[in-house]
1. Restricting to the stretch 1-53, count the residues that are surrounded by 12 or more Cβ atoms within 10 Å (Cβ to Cβ) and in contact (Cβ under 8 Å) with a residue 60 or more places away in the chain.
2. Hey, any hits in the stretch 33-49 for a residue that's farther than 26 Å from Ala2 by Cα, of a type in the set (Gly, Ala, Ser) and part of a loop (DSSP other than H, G, I, E, B)?
3. With the requirement that a residue be more than 9 Å from the chain's Cα centre (by Cα), within 23 Å of Ser55 (Cβ to Cβ) and of a type in the set (A, V, I, L, M, F, W, C), what does the stretch 3-27 give you?
4. Might you let me know whether the stretch 63-76 holds any residue that is over 13 Å from Leu14 (Cα atoms), more than 12 Å from the chain's Cα centre (by Cα) and not hydroxyl-bearing (Ser, Thr, Tyr)?
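Every number in this text was worked out from the coordinates using simple rules, so none of it is lab data. Bear in mind the structure is a predicted one, so any value in this text is a computation, not a measurement. Cβ coordinates were reconstructed from backbone atoms using ideal geometry, including for glycine residues, and neighbour counts include every protein chain displayed.
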Amino acid sequence: MATIGRNNAELTQLANDALRSEPGCETARVPALQGLPDVRQGRNWEIPNVVLGDSLISDVDRAVLAVHRQLGRQFHLLMDE
């Protein structure tokens, strides 16, 4: 299954929207994504940091895993920025 390429800003916005839609994560924020340089197929990015806001770290930990799984199946990071 092929994934859709997105630039860093687009994919960061998608990750933010997905994270904030998770229960208990309404105030959490993804400042930026980081590319995984040696990955050539599938999810070639990660969320290195999350600003918690008023969200609990346990809620955010669970949500980040869900966002990685959900968005990683659909999108890859375009590395030519």
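1. Selection size over the stretch 1-53: 7.
2. no
3. Ala9, Cys25
4. No: zero hits.
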